[in-house]
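> Got a structure here, written out as structure tokens. Questions coming.
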Amino acid sequence: MPHNDDTRYHIAIIGGGVAGLGAALEASRWGFETVLLEKGTLCQATSANSLRIIHGGFRYLQTLNLHRVRKSLKAKQELLEKYPQIVRPLACVMPLKKRGLKSRAPVRAASLLYNLLHYWETGTAAANRSLTSSEVDRKVRLLSGRAPHGALLWYDAHLIDPQRLCHLLRQEAVQHGAEILEGANVTNITRKRGGFELSYSIEAASKTVAADVVINAAGPWIDQVSRLTDWDNLRPSRRWCLAFNIIVPRILEEEYAVACEAAGQDGKNRLFFVTRRGRETSIGTGYLPFDGDPALAAISEQEIQDFVAAFNSAFKEQLAIEDVAGIEIGVLPLAEKTGASLQLVGDEQIFDNQGFIEILSTKYTTFMPQAREVLLKASKYLKSRA
Ligand SMILES: Cc1cc2nc3c(=O)[nH]c(=O)nc-3n(C[C@H](O)[C@H](O)[C@H](O)COP(=O)(O)OP(=O)(O)OC[C@H]3O[C@@H](n4cnc5c(N)ncnc54)[C@H](O)[C@@H]3O)c2cc1C
């Protein structure tokens, strides 16, 4: 639909990361007149810095969060089927422990349960299983000699090209009639005529747009956008953390993504995920306390050194700080009531304040089911209009 100042949309979406784009695609597919306003360029913020793992949900069995397990494995399958050129199966390996939840017997039971759930939900086999230590020594160079109790082999998926996915989502949304504006910075939100009016600046001009429903998908700027409203959003301020991956310009492990826990010299326990990206390797994810403007998130040389030292204590392969060719940084929400620890928000959260719907997104993996949930809420206000 061509945009002019009198246009009233069904849905206006703020933020063109994967959460906002997913919502724009879903909204336009449902037949709603949709506009998306992105202050920069699409998918250049948190969505450009993910580790690119599409989690199949096995890890959520640890907390017996079956809802999340099923949602993730279905989301993974949906992405594999819809975008086979850029989402590929990823074989992952993690050393087992001698005792506890990550030892052989509980992991074997969890694999059995997961394989059943996978078959039940998707009609396809998951084939998670354990490897003996000699299998690990033969097959997984990076873990050779490091898995005396064997390892778990499971299958997640890998997003090969996030920019291409962004392009495909945009293209599909536009084909369904969505209007997508880049360089459109939303500066004010008011309730008007039973809906909303959004002011935004674009190419040094100030404009407005009206919509029946607003979706705030501004990622780490969600609270800033909430504060642009002319009514009181009384949600308490959220805590955030900085998350980062490092990029090493060589292949550390050919065939498998490798997960391994280690305590660094700073005493922090970290889970490293090492994944090949073409001729490079990404290693993530590190977390640091953060409180500030997400656009200015940065890490110090010392923090990179601590991360590299912890990596070196987990693996035989040793890295030097000079091996770090790139760093990907984003800002993620922390769970409330976690004191000083950096406990991330688990499942995404969706808040609906009478048609002002906010998405606190926590994973790339589930952006499609998340968009459907958001649209179910939005459609309550729009039933008679589409
Ligand atoms: C280091 C790291 C590793 C990760 N690894 C994984 C992983 O392996 N697997 C996984 O599933 N997830 C992973 N994640 C999480 C995942 O990347 C995020 O959950 C997801 O990308 C969030 O997307 P989003 O659209 O909510 O936010 P964003 O991508 O940040 O998008 C928000 C957008 O809103 C725009 N915006 C803000 N304010 C305004 C305004 N006033 N007007 C207009 N536009 C505005 C911003 O410019 C931005 O483009 C990782 C995250 C990080 C940081």
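No value in this document is a laboratory result; all are computed from the given coordinates. Small disclaimer: the values here were computed from a predicted structure and weren't measured. Quick reminder, even Gly has a Cβ in these numbers, built from the backbone with ideal geometry, and neighbours come from all protein chains shown.
> Would you grab the residues whose amide H sits under 5 Å from the one on Leu152? Only those 5+ places off in sequence or on another chain, please, with H modelled 1.01 Å from N.
Under 5 Å from the amide H of Leu152 lie the amide H atoms of Met94, Leu96, Leu131, each far enough along the sequence or on another chain.
> Let me ask something else. How far is it, in nm, from the label point at Val174 to the one at Glu336 when both lie 7 Å from their Cα along the line to the Cβ?
Those two pseudo-labels are separated by 4.0 nm.
> Continuing with the same structure: Can you tell me how much longer the chain between Leu101 and Glu121 gets when fully stretched, taken as 0.36 nm per residue apart minus their C-alpha distance, in nm with one decimal?
Stretched out fully, the Leu101 to Glu121 stretch lengthens by 4.7 nm.
> Counting only the backbone N, which residues of region 140-165 are under 18 Å from the spot 7 Å out from the Cα of Ala109 toward its beta-carbon?
152
> Rounded to the nearest 500, what is the 222 nm mean residue ellipticity of the chain from helices alone, with -39500 (n - 2.57) per DSSP H run of 4+ residues and division by all residues?
So the calculated ellipticity at 222 nm is -8000 deg cm²/dmol.
> In terms of Cα to Cα distance under 19 Å, which lysines are near enough to Lys39, apart from those fewer than 8 places away along the same chain?
Partners within reach: Lys207.
> Quickly rank 37-43, 103-109 as a protection proxy: mean count of other C-beta atoms within 10 Å, highest first.
So the peptides 37-43, 103-109, ranked by packing, come out 37-43, 103-109.
> Still on this structure: Under 20 Å Cα-Cα from Lys76, which aspartates and glutamates qualify once same-chain neighbours fewer than 8 residues away are excluded?
Glu26, Glu121, Asp156, Asp161, Glu172, Glu255, Asp347, Glu348, Glu373
> So for the chain, averaging the separation of alpha carbon pairs under 8 Å that are six or more residues apart and normalising by length, what relative contact order in percent results?
Computed value for the chain: 22 percent relative contact order.
> Going down the list Lys102/Lys377; Lys74/Lys377; Lys74/Lys98, which pairs span over 30 Å between their C-alpha atoms?
Lys102/Lys377; Lys74/Lys98
> On alpha-carbon atoms, Rg over Rh for region 240-333 using Kirkwood Rh?
Result for region 240-333 is an Rg/Rh of 0.95.
> To the nearest 0.05, how large is the calculated FRET efficiency for Ile202 and Ser237 if R₀ is 30 Å and r is the Cβ-Cβ distance?
Given R0 = 30 Å and the Cβ-Cβ separation, E is 0.55.
> Per Stokes-Einstein, at 25 °C and 0.890 mPa s, what whole-number D in µm² s⁻¹ belongs to the chain, with the Kirkwood radius over Cα pairs as the hydrodynamic radius?
111 µm²/s
> Right, something else. With both partners inside the chain, how many of the DSSP beta bridges are antiparallel, as a percent to the nearest 5?
The antiparallel proportion sits near 75 percent.
> Another one. Go through the chain and flag any cysteine with no other cysteine's C-beta closer than 4.7 Å, please.
Cys92, Cys241, Cys260
> Next question. In whole Hz, what ³J(HN,Hα) sequence does region 281-289 give by Karplus (6.51, -1.76, 1.60; θ = phi - 60°), x for Gly and Pro?
9, 9, 10, x, 10, x, 10, 9, x
> Could you calculate the contour length gain from Arg191 to Glu255, that is, 0.36 nm times the residue separation minus the distance between their Cα atoms, to one decimal place in nm?
17.7 nm
> On to the next question. Starting at the first residue of region 32-40, write each ³J(HN,Hα) from the Karplus equation 6.51 cos²θ - 1.76 cosθ + 1.60 with θ = phi - 60°, in whole Hz, x for Gly and Pro.
8, 6, 10, 10, 10, 10, 10, 6, x
> Over region 66-157, one equal point on each Cα, no solvent: what is log10 I(q)/I(0) by the Debye formula at q = 0.19 Å⁻¹?
Cα-only, vacuum Debye calculation for region 66-157: -0.91.
> Which value, in debye to the nearest 20, describes the size of the charge dipole of the chain about its Cα centre when Lys and Arg Cβ atoms bear +1, Asp and Glu Cβ atoms bear -1, and nothing else is charged?
1580 debye
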